[in-house]
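To keep things clear, I will list the structure first and then write my remarks on it.
Read-outs throughout are calculated quantities, based only on the coordinates presented, and are distinct from any laboratory measurement. From a predicted model like this one, the values you see are computed outputs, not experimental measurements. Cβ sites come from the backbone with ideal geometry, for glycine too, and all protein chains shown count toward neighbours.
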2 protein chains.
Amino acid sequence: MTIKLAIDCMGGDHGVSVTVPAAISFLSRHDDAEMVLVGLPDAIEAQLRKLHALDHPRVTVVGATEVITMDDPVEVALRKKKDSSMRVAVTQVKEGRAGACISAGNTGALMAVSRYVLKTLEGIERPAIATTIPNEQGWGTTVLDLGANADCEPQHLLQFARMAEAMVAVVDHKAHPTVGLLNIGEEVIKGNEVVKAAGELLRASELNFYGNVEGNDIFKGTTDIVVCDGFVGNVALKSSEGLAKMIGSMIKEEFTRSWFTKLLAAIAMPVLKRLSSRLDPARHNGASLLGLRGLVIKSHGSADARSFEWAIKRGYDAASNGVIDRIAKAFANKAGATSTTAGNPAGGPETDSPDPHSSKHAA
Amino acid sequence: MTIKLAIDCMGGDHGVSVTVPAAISFLSRHDDAEMVLVGLPDAIEAQLRKLHALDHPRVTVVGATEVITMDDPVEVALRKKKDSSMRVAVTQVKEGRAGACISAGNTGALMAVSRYVLKTLEGIERPAIATTIPNEQGWGTTVLDLGANADCEPQHLLQFARMAEAMVAVVDHKAHPTVGLLNIGEEVIKGNEVVKAAGELLRASELNFYGNVEGNDIFKGTTDIVVCDGFVGNVALKSSEGLAKMIGSMIKEEFTRSWFTKLLAAIAMPVLKRLSSRLDPARHNGASLLGLRGLVIKSHGSADARSFEWAIKRGYDAASNGVIDRIAKAFANKAGATSTTAGNPAGGPETDSPDPHSSKHAA
């Protein structure tokens with residue numbers, strides 16, 4: 001089976017100079033992959049020429065005349081730039097010409113465009129952003145939402161857990177991944193009102209619910225999945241990125257303080273390299289926009305080619321494991337079983353109306 | 001001027017074996033400090049004997065017959081154990097026999113007991129927990145709330161900012177510390193409803209308001225103070241602790257992998273030691289319970305003597321700089337100036353009624 005991936009080549013801080021080399025490199029490692037490169041044809045072709053890949057048999061270039069910048073507000077992305085590389089790339093998924101779309105463009109625009117083009121799956125009120133954060137157990141903890149929904153209702157957290165469960169089950173091959181609810185452990189108050197109610201929904205659900213977890217459990221790997229609202233998830237993620245960066249600069253500072261420490265660094269290079277590869281944020285690049293009728297992966301805007309390739313890998317893994325079908329099934333099974341979902345099938349005010357024409361996707 | 005400090009000697013995972021040595025060590029470094037050691041007299045005296053400090057001229061032992069454990073629910077701490085070391089230690093502050101109380105006991109109990117005994121300052125609806133988190137600029141960023149208030153109203157965040165401003169101004173000697181409002185930067189949504197409204201209050205206030213900051217700004221040190229609700233603050237703190245721990249174990253693992261890496265570690269010891277001292281969580285031990293008519297410092301429950309001594313230092317610094325007076329003044333000046341505070345002088349449902357008899361404290 002061929003896995004076709006649509007790349008928004010213009011997105012991110014570096015555009016084609018990062019996205020095109022990453023795509024070509026990915027093809028060299030995956031014989032069953034095909035790339036649909038979307039963007040300004042001249043810019044893409046110039047990169048392909050450099051890489052001697054102009055006639056690559058598994059590359060198709062699809063033109064788009066506009067580019068959504070990192071600063072473009074959502075309204076511009078949605079209503080003004082209708083022929084943007086981002087929108088055309090997402091449309092490849094909608095029309096079955098790609099199994100996933102990967103973009104390093106701005107998150108707000110990508111979520112809005114994806115939601116508009118693809119629509120949400122039935123039973124899902126709010127799409128969420130999920131990623132895998134490295135933990136002490138090995139690969140990582142899947143955390144969501146990371147910023148799509150600042151204010152959540154309890155049933156949204158249940159839906160996030162269900163989406164993540166479906167994804168982790170097929171991508172990480174875990175039959176019944178455990179789910180933790182991010183909470184605070186102080187005795188003063190155990191969680192806010194939304195989290196308390198979400199805990200009850202999760203406990204009553206079919207999910208493998210572990211119970212409450214705290215911030216440090218994300219890195220301990222206490223559960224496979226951690227759910228929280230987008231505000232809390234975003235703060236946890238950004239704080240951790242900030243701390244990792246600070247520790248990284250301190251290590252660098254200490255090892256470049258004098259000729260002696262520089263010598264030490266040279267001798268200790270194999271150890272320092274192993275360390276930095278274990279902590280390498282590039283390996284964890286790529287967040288999934290879950291809950292849509294198609295796969296969209298968001299890469300860090302500042303990603304380099306190696307890092308962007310990891311985001312492509314995430315799209316490839318999700319597409320080849322049929323994540324969307326699995327999520328759709330998880331919600332189809334539960335429709336009617338859970339009162340909160342069944343009682344509000346059309347969703348809250350932010351829900352798109354389901355579109356029966358876009359429920360099928362090629363993989 | 002003598003700074004008297006009341007120590008809850010029975011609190012924390014290790015009780016007197018940590019708290020008493022820390023107190024005696026602190027006295028040896030600070031000639032103007034005096035200790036009121038509160039707890040089971042036999043246990044305290046046994047420790048003092050070991051340390052040859054039974055007749056220390058700057059030590060007073062105050063007996064208490066009960067101990068609040070780390071698992072005791074708030075109700076037990078408040079209503080059952082009325083002669084607990086924690087409560088008696090806090091009462092030393094209330095009655096002017098100490099300028100601050102330091103406890104490693106459980107946070108929920110400590111907040112409840114402190115609030116009950118000391119009452120809140122006029123104009124403050126909710127006490128908050130604040131601490132200093134190391135940042136790239138040097139000393140650290142003061143962050144609050146860290147878990148006392150999971151659900152906050154916008155005016156609470158304004159009050160937190162005002163309390164922290166008063167503390168940082170006198171303790172860190174910064175005339176106009178900058179205040180950041182913890183928010184998320186994604187375009188999808190800029191913050192939840194409470195944070196949006198808090199931003200408007202902060203902008204209209206007399207504070208040196210920088211604007212929104214994100215999780216990574218805590219470690220960058222973008223602002224002197226970062227305010228957030230207790231749920232978000234607790235998750236950010238615990239996530240960071242979890243990540244720091246994971247990185248620490250990875251460094252250890254990599255340097256103990258083989259005889260070669262162990263040799264490297266031995267040679268690199270001066271560098272590794274400097275690194276670990278810069279990242280040393282002990283140096284940042286001690287969170288302040290702000291908004292009460294007296295100073296209470298909460299130490300990590302698992303603190304060792306060196307770490308507990310840092311918490312004592314925090315109480316000492318706060319007491320000797322007159323933090324409570326400064327906070328009280330900040331709110332007295334603003335009473336009437338800010339509609340949200342002035343409009344609700346008695347506070348929300350959780351507010352203790354002001355107690356005119358407890359507004360004076362010895363320093």
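Relative to the other identical copies, A:ASP42 shows label-point distances of 9.0 nm, where the label point lies 7 Å from Cα along the Cβ direction and values run shortest first.
For a quick check, take a GNM of chain A with Cα springs below 10 Å and name the residue from A:ALA266, A:ALA161, A:ALA148 with the largest mean-square fluctuation. Fluctuation is largest for A:ALA266.
For region B:2-19 versus region A:114-174, the spacing of their alpha-carbon centroids is 45 Å. Quarter the surface of the alpha carbon convex hull of the protein assembly as shown and you get the mean projected area, 33.9 square nanometres.
Distances, shortest first, from the label point of B:ARG97 to those at the same position in the other copies read 8.2 nm; the point lies 7 Å along Cα to C-beta.
Between amide H atoms placed 1.01 Å from N, distances below 5 Å from B:ALA33 occur with B:ILE3, all of them 5 or more places distant or on a separate chain. Copy-to-copy label distances for B:ASP71, where each label lies 7 Å from Cα along Cα-to-Cβ, are 5.7 nm in order of increasing length. Adding -39500 (n - 2.57) for every DSSP H run of four residues or longer, then dividing by how many residues chain B holds, sets the calculated 222 nm ellipticity at -13500 deg cm²/dmol. Of the residues A:ALA77, A:VAL59, A:TYR116, the one whose Cα sits farthest towards the positive end of the charge dipole of region A:1-126 is A:TYR116 (charges of +1 on Lys and Arg Cβ, -1 on Asp and Glu Cβ, taken about the Cα centre). Each Lys and Arg contributes +1 and each Asp and Glu -1, all at the Cβ; summed about the Cα centre of region B:1-143, the dipole is approximately 260 debye. Across A:ILE218, A:ILE324, A:ILE267, mean-square fluctuation computed from a Gaussian network of chain A (C-alpha pairs under 10 Å connected) peaks at A:ILE267.
Hey, rough spin-label estimate for A:ARG49 and B:GLU193, points 7 angstrom out along Cα→Cβ, what's it come to in nanometres? So the two model labels end up 5.6 nm from each other.
Rounded to whole Å and ordered largest first, report the semi-axes of the equivalent ellipsoid of region B:54-136 derived from its Cα gyration tensor (root of 5λ).
Details: eigenvalues 96, 70, 45 Å².
One finds semi-axes of 22, 19, 15 Å for region B:54-136.
Averaging 1/r across all pairs of distinct Cα atoms in region B:221-271 and inverting the result yields a Kirkwood radius of 13.6 Å.
Its convex hull of Cα atoms gives chain A a direction-averaged projected area, equal to a quarter of the hull surface, of 19.9 nm². Rounded to the nearest whole Hz, the Karplus-based 3J(HN,Hα) values (6.51 cos²θ - 1.76 cosθ + 1.60, θ = phi - 60°) of region A:174-179 follow the sequence 10, 4, 10, x, 7, 10, with x at glycine and proline. In this calculation the C-beta distance from A:THR60 to A:HIS176 is compared with R0 = 45 Å, giving a FRET efficiency of 0.70. Here the label points at B:MET269 and B:GLU95, each 7 Å from Cα along the C-beta direction, are separated by 5.1 nm in the simple model.
Look at the dipole of the protein assembly as shown built from charges on Cβ: of B:SER277, A:LEU201, A:SER320, the Cα furthest out on the positive end belongs to B:SER277. Stokes-Einstein diffusion for region A:1-121, with the hydrodynamic radius set to the Kirkwood value over Cα pairs and evaluated at 37 °C in a medium of 0.692 mPa s, equals 232 µm²/s. Beta bridges assigned by DSSP with both partners in the protein assembly as shown are antiparallel in approximately 30 percent of cases.
Toward the positive end of the charge dipole of the protein assembly as shown, with +1 on the Cβ of Lys and Arg and -1 on the Cβ of Asp and Glu, the farthest Cα among B:VAL232, A:ALA100, A:TRP310 is that of A:TRP310.
Take the Cα of B:ASP280, step 7 Å toward its Cβ, do the same at A:ASP32, and the gap between the two points is 5.5 nm. Taking the empirical scaling 2.2 N^0.38 Å for compact globular proteins as reference, region A:116-162 has a Cα radius of gyration ratio of 1.32.
Computed about its Cα centre, the charge dipole of chain A is approximately 780 debye, with only Lys, Arg, Asp and Glu carrying charge at their Cβ.
The DSSP beta bridges internal to region B:1-157 are antiparallel in roughly 25% of cases. Amide hydrogen proximity for B:VAL62: with H placed 1.01 Å from N in the peptide plane, the residues at 5 or more positions away or on another chain lying under 5 Å are B:LEU37, B:VAL38, B:GLY39.
Normalising the average separation of contacting C-alpha pairs (under 8 angstrom, six or more residues apart) by the number of residues puts the relative contact order of chain A at 24 percent. All Cα-Cα distances of region B:189-260, cut into 10 Å bins from zero to the largest, leave 15, 36, 23, 13, 8, 3, 0 percent in each bin in turn. Taking amide hydrogens as placed 1.01 Å from N in the peptide plane, the amide H of A:THR178 sits under 5 Å from those of A:ASP224, A:ILE225, each at least 5 positions away in sequence or on another chain. Evaluated with a Cβ-only charge set (Lys, Arg +1; Asp, Glu -1), region A:73-228 carries a dipole of roughly 900 debye about its Cα centre, given to the nearest 20. The distance from the alpha carbon centre of region B:298-325 to that of region B:32-104 is 15 Å, rounded to a whole number.
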